[in-house]
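The values are calculated or read from the model by the stated rules, or taken from the named source; none is laboratory data. None of these values were measured; they are calculated from a predicted model. Positions of Cβ are backbone-derived with ideal geometry, glycine not excepted, and every protein chain shown enters the neighbour counts. In case anyone asks, the SASA skips ligands and DNA or RNA and just uses the protein heavy atoms, side chains included. Shrake-Rupley method; radii C 1.70, N 1.55, O 1.52, S 1.80 Å.
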Amino acid sequence: FKATAFLIIGALLAVGSSASKLWTTYEYGKDTMRGEPILSEPIDATSSSAQEGLSWEYAMIYSNGSLDLLSMMIPMAAGGGSQELLPANSNFGKELRKMGAQTRNGVPAPTYWGTLAINGGPIYMGAIVIFLLFLSFFSWKSMTKNWGLIAIVITLLFSLGKNAELWNTLFFDYFPLFNKFRTPNSVIGITSILIPFLAFMGLDKYLKSENKKAWHLYASFGITAGICLIIALLGSSIFGFESPGDARYVQMGYPMDDLIEDRMGMQQMSALKSFGLISLAALLIFLFNKGKIKSVFVLLGIGLFTVGDLWLAGKRYLNEEDFVSNRNYQRNFAPRPVDEQILRDNDPNFRVLDYSINTVNSSQASYFHKTIGGYHAAKLQRIEDMLDMHIMKNNSKVLNMMNTKYVIAPTENNSETAQLNPAALGNCWFVNNIQLVNSAGEEIAALNDFDPAGDAVIHQEFATYVNGLTPRKTGDIKLTMYSPNKIEYNSNTTQENLAVFSEVWYGPNKGWQAYVDDKPVDHIRANYILRALKVPSGNHKITFEFNPRTYRLGERISLVCSSLILLCVVIFGFLKYRNHPWVD
């Protein structure tokens with residue numbers, strides 16, 4: 001009970017020391033595509049717009065298959081990466097050379113044929129490490145080992161995602177946070193800590209044990225080396241070596257029969273190499289058991305073989321060619337002619353929509369411009385809904401209210417052109433009509449047929465705010481200062497009006513506070529995603545400032561908890577120095 005109490009206190013201090021980050025992330029997450037839904041009906045099959053968290057199909061895209069798990073011991077079990085460099089003398093390379101391709105430095109090829117949509121390389125733990133894990137399983141009697149093995153099995157099941165549907169559906173539907181993650185196979189990052197820990201702890205216990213049993217070694221060797229040998233000798237007759245994506249390469253004219261031959265060869269050679277490494281490690285332990293060598297030579301040999309194996313496997317995916325000079329690196333950020341054209345615009349406060357790139361999965365354009373689109377793993381749900389229902393369908397009304405002044409489009413000669421949108425509404429404007437709607441669905445649907453320059457679509461929840469207001473499109477309002485956490489405007493109107501601001505609504509009470517002449521006032525949501533504010537008659541300064549209470553309070557909690565942690569370290573060190581019985 002004392003140990004548990006100390007662990008609980010430690011956990012609370014650990015969480016508290018990061019309170020400012022965890023609390024604000026938790027608060028933000030509720031309004032994202034990983035949080036509660038806004039719309040009552042889904043936009044499409046993969047959309048999370050009408051359910052809490054991500055949809056099953058979207059969340060399970062990157063699910064490991066059984067061959068991906070086998071690659072922990074046999075790196076090329078599923079063929080490596082989606083774009084692997086094959087040597088020029090490979091079957092695939094020779095055939096491409098006949099077709100006129102340059103193959104002197106090798107040829108990039110889709111060697112991966114597993115179940116993942118895309119794969120940068122295998123999750124290789126090391127053949128020797130997996131062998132030692134089995135040795136640990138048979139020989140090390142410990143609750144630590146048992147808990148470790150349970151954790152490994154659980155993380156492997158999680159990584160399988162949709163390929164272990166019964167298990168993962170249970171957690172996805174009923175356990176908190178599980179429907180917030182998109183890549184099940186990323187949990188292997190935890191497995192890659194657990195497996196080496198148990199493997200080498202088990203080896204240490206085995207070498208120090210006074211009561212070794214030969215069958216522990218034989219069983220570990222037989223299972224791991226046996227699997228490698230079976231794959232090497234019979235893999236070509238067990239597996240098909242074909243990927244669902246191969247049909248696309250066939251249409252492009254790739255010699256897929258030759259690529260399949262190379263995939264077979266990669267798997268076979270990889271399995272033979274893993275068999276050899278496991279055999280060498282088992283031989284060292286066998287000689288130690290027979291008293292032929294000392295434990296230090298076992299550890300040195302296994303250490304050298306393991307490091308060398310992982311080094312060579314890693315060099316396939318990270319080598320000297322992946323390192324570039326700073327000058328070459330900076331070329332990635334060189335502006336395109338179309339970027340230079342837009343940057344000549346003296347007004348920096350507008351948005352750009354780039355259709356020449358993957359609009360919602362690339363942030364390339366954001367290096368130079370304020371953009372619509374770009375990638376974020378947890379977009380605000382309102383942004384995701386607008387992208388799906390309006391922006392990616394090129395709804396000009398919505399693009400205008402989002403102040404989209406330029407649209408970048410691809411051209412036939414493989415370049416880009418910037419098209420000026422003179423109808424962009426700017427940073428803010430007054431409206432002359434308020435359209436009340438009763439639901440979020442009505443609110444976003446109304447944007448298909450409205451006048452963004454004159455109409456404000458307002459949800460019924462803000463009816464009291466606009467009650468009795470008769471706006472007119474008179475007067476003037478303009479942006480005077482812009483920064484990420486503070487925006488200022490100046491307004492001049494002869495009557496009380498409703499202003500719409502081309503800034504994303506994040507609220508209520510999430511940190512954005514509106515001020516008129518430095519006095520705090522309420523503001524509301526308009527057009528599903530923008531902000532709106534009642535502006536009094538006359539000349540006034542309007543300010544929006546982001547200063548969330550959760551961050552301020554979280555910073556104080558973090559400071560207190562961090563100070564307590566440091567104080568505990570100092571006290572422990574002092575008591576240890578004085579040999580106090582509390583720290584025995």
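Which residues, taken from region 122-158, are at pLDDT 95 or above, open to solvent by less than 40 Å² (accessible area, probe 1.4 Å) and farther than 26 Å from ILE285 by Cα?
Within region 122-158, ALA151, THR155, LEU156, PHE158 meet the criteria.
Can you find even one residue in region 448-471 that is of a type in the set (Asp, Glu) and buried (at least 18 other Cβ atoms within 10 Å of the Cβ)?
Checking region 448-471: at least one residue is of a type in the set (Asp, Glu) and buried (at least 18 other Cβ atoms within 10 Å of the Cβ).
Listed here are the residues, each with its yes/no results for (1) among the hydroxyl-bearing types (Ser, Thr, Tyr); (2) open to solvent by 10 Å² or more (accessible area, probe 1.4 Å); (3) in contact with a Phe, Trp or Tyr (Cβ under 6 Å, 6 or more places away or on another chain).
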{"position": "PHE501", "(1), (2), (3)": "no, no, no"}
{"position": "VAL504", "(1), (2), (3)": "no, yes, no"}
{"position": "TYR515", "(1), (2), (3)": "yes, yes, no"}
{"position": "ASP518", "(1), (2), (3)": "no, yes, no"}
{"position": "TYR528", "(1), (2), (3)": "yes, no, no"}
{"position": "LYS541", "(1), (2), (3)": "no, yes, no"}
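Cβ-Cβ below 9 Å, separation at least six or inter-chain, first residue in region 193-222 and among the polar types (S, T, N, Q), second part of a loop (DSSP other than H, G, I, E, B) and at pLDDT below 95: which pairs?
Partner pairs satisfying both residue conditions: SER209/TRP140.
I'm checking my understanding of the structure. Among residues of region 472-498 that are assigned to a loop (DSSP other than H, G, I, E, B) and of a type in the set (Val, Ile, Thr), which one is most open to solvent (accessible area, probe 1.4 Å)?
Checking each candidate, the answer is THR494.
If you go through region 516-534, how many residues are assigned to a strand (DSSP E or B), without any contact (Cβ under 8 Å) to a residue 40 or more places away in the chain and more than 36 Å from the chain's Cα centre (by Cα)?
Summing the residues that are assigned to a strand (DSSP E or B), without any contact (Cβ under 8 Å) to a residue 40 or more places away in the chain and more than 36 Å from the chain's Cα centre (by Cα) in region 516-534 gives 4.
Every residue in region 76-121 that is outside any loop (DSSP other than H, G, I, E, B) and open to solvent by less than 40 Å² (accessible area, probe 1.4 Å), please.
GLU84, LEU86, PHE92, GLY93, LEU96, VAL107, ALA109
Quick check on this structure: which one of ILE458, ILE434 is touching a Lys or Arg at 6+ places or on another chain (Cβ under 8 Å), over 29 Å from ASN179 (Cβ atoms), of a type outside the set (Phe, Trp, Tyr) and not in a loop (DSSP other than H, G, I, E, B)?
ILE458
So that you can scan it fast, the table gives a plain yes or no per residue for (1) buried (at least 17 other Cβ atoms within 10 Å of the Cβ); (2) more than 29 Å from ALA109 (Cα to Cα); (3) within 25 Å of the chain's Cα centre (by Cα); (4) aliphatic (A, V, I, L, M):
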position	(1), (2), (3), (4)
GLU320	no, no, no, no
PHE323	no, no, yes, no
PRO337	no, yes, no, no
ASP345	no, yes, no, no
PHE350	yes, yes, no, no
ASP354	yes, yes, yes, no
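With (1) under 26 Å from ARG525 (Cα atoms); (2) assigned to a helix (DSSP H, G or I); (3) without any contact (Cβ under 8 Å) to a residue 24 or more places away in the chain as the list, and HIS376 as the residue in question, which single condition is left unmet?
Condition not satisfied by HIS376: (2).
Being open to solvent by 60 Å² or more (accessible area, probe 1.4 Å) and part of a loop (DSSP other than H, G, I, E, B) is the filter here; which residues of region 543-558 pass it?
ASN547
Would you point out the residue of region 418-445, among those that are in contact (Cβ under 8 Å) with a residue 60 or more places away in the chain and aliphatic (A, V, I, L, M), that is farthest from SER356 (Cα to Cα)?
Per the stated criteria, the residue is ILE434.
Give region 389-440 a look and list any residue that's in contact with a strand residue (DSSP E or B) (Cβ under 8 Å, 6 or more places away or on another chain), open to solvent by 50 Å² or more (accessible area, probe 1.4 Å) and hydrophobic (A, V, I, L, M, F, W, C), or say none.
Selection gives LEU420, LEU436.
Take LEU447 and decide whether it is at pLDDT 95 or above and part of a helix (DSSP H, G or I).
So LEU447 passes the test.
Under 8 Å between Cβ atoms, which residue pairs at least 6 apart in sequence (or on different chains) link something in region 551-572 that is on the phi < 0 side of the Ramachandran plot with a partner that is outside any helix (DSSP H, G or I)?
What qualifies is TYR551/GLY511; SER558/SER18.
So which of ASN358, ASN349 ends up being in contact (Cβ under 8 Å) with a residue 40 or more places away in the chain and part of a loop (DSSP other than H, G, I, E, B)?
Of the residues listed, the single one that is in contact (Cβ under 8 Å) with a residue 40 or more places away in the chain and part of a loop (DSSP other than H, G, I, E, B) is ASN349.
Among all residue pairs at least 6 apart or on different chains, which show Cβ distances below 7 Å where the first residue, located in region 93-121, is more than 22 Å from GLY240 (Cα to Cα) and the second is at pLDDT 90 or above and part of a helix (DSSP H, G or I)?
Close Cβ pairs (under 7 Å, with a partner that is at pLDDT 90 or above and part of a helix (DSSP H, G or I)) do not exist here.
Take TYR329 and decide whether it is open to solvent by 80 Å² or more (accessible area, probe 1.4 Å), of a type outside the set (S, T, N, Q) and within 30 Å of LYS478 (Cβ to Cβ).
no
Collect the residues in region 275-324 that are free of Cβ contacts under 8 Å to residues at least 12 places away in the same chain and under 12 Å from PHE131 (Cβ atoms), keeping them in residue-number order.
Residues satisfying the conditions are GLY276, LEU283.
Name the residue that is nearest to ASN400 (Cα to Cα), counting only residues in region 445-463 that are within 36 Å of the chain's Cα centre (by Cα) and among the hydrophobic types (A, V, I, L, M, F, W, C).
Residue satisfying both the conditions and the ranking: LEU447.
Going through region 462-479 one residue at a time, which ones are of a type outside the set (Gly, Ala, Ser), over 24 Å from LYS397 (Cα atoms) and without any contact (Cβ under 8 Å) to a residue 60 or more places away in the chain?
THR464, ASN467
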